[in-house]
1. Can you tell me which residue among 19, 69 is surrounded by fewer than 13 Cβ atoms within 10 Å (Cβ to Cβ) and either within 13 Å of the chain's Cα centre (by Cα) or on the phi > 0 side of the Ramachandran plot (or both)?
2. When the residues of segment 1-13 are filtered to those that are over 10 Å from the mean Cα position of the chain (by Cα) and surrounded by 14 or more Cβ atoms within 10 Å (Cβ to Cβ), which remaining residue is farthest from residue 61 (Cα to Cα)?
3. Among residues belonging to segment 28-59 that are in a loop (DSSP other than H, G, I, E, B) and out of contact with any helix residue (DSSP H, G or I) (no Cβ under 8 Å at 6 or more places or on another chain), point out the one that is nearest to residue 105 (Cα to Cα).
4. Looking at segment 49-61, can you tell me whether even one residue there is surrounded by 18 or more Cβ atoms within 10 Å (Cβ to Cβ), closer than 22 Å to residue 112 by Cα and in contact (Cβ under 8 Å) with a residue 40 or more places away in the chain?
5. Condition first: in contact with a strand residue (DSSP E or B) (Cβ under 7 Å, 6 or more places away or on another chain) and within 30 Å of residue 123 (Cβ to Cβ). Can you find one or more residues in segment 90-107 that meet it?
6. Among the residues of segment 87-98, write down those that are surrounded by fewer than 23 Cβ atoms within 10 Å (Cβ to Cβ) and out of contact with any helix residue (DSSP H, G or I) (no Cβ under 6 Å at 6 or more places or on another chain).
């Protein structure tokens, strides 16, 4: 029996890290051993995750087994999106130009700014009192 070819990629967003394993299949997404619809309550999360597949029109061709940790729903969905994009590029390098023009290849480096000493938050100061 021939072994299934697995394409692996890592995606990151904010504090979330997603490990994406892509195999040929019927388009099933499994996130942390649960179906995607069950893991993510919102429809927007699945829309974000499916963006790379919309661009290259490869729905129902691959199964995705995803392990994701850290952050919240939005960060995890963004991390999975980048992982799916990178896995598609590992499968077929010709998809890179389409994914690049859609803005999916670039890693979003924005993270929460740290709290500073003497401030209430990262930038919020104590209220100034003139008298």
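Every number in this text was worked out from the coordinates using simple rules, so none of it is lab data. Just so it is clear, the model here is predicted, and its values are computed rather than measured. Backbone-built Cβ (ideal geometry, glycine too); neighbour counts: all protein chains shown.
1. 69
2. First, pick out the residues of segment 1-13 that are over 10 Å from the mean Cα position of the chain (by Cα): 1-9.
Filter once more, keeping what is surrounded by 14 or more Cβ atoms within 10 Å (Cβ to Cβ): 7, 9.
Numbers: 7: 13, 9: 17 Å.
Top of the filtered list is 9.
3. Among them, the one singled out is 57.
4. So far as segment 49-61 goes, no, none of its residues is surrounded by 18 or more Cβ atoms within 10 Å (Cβ to Cβ), closer than 22 Å to residue 112 by Cα and in contact (Cβ under 8 Å) with a residue 40 or more places away in the chain.
5. yes
6. Within segment 87-98, 90, 91, 92, 93, 94, 97 meet the criteria.
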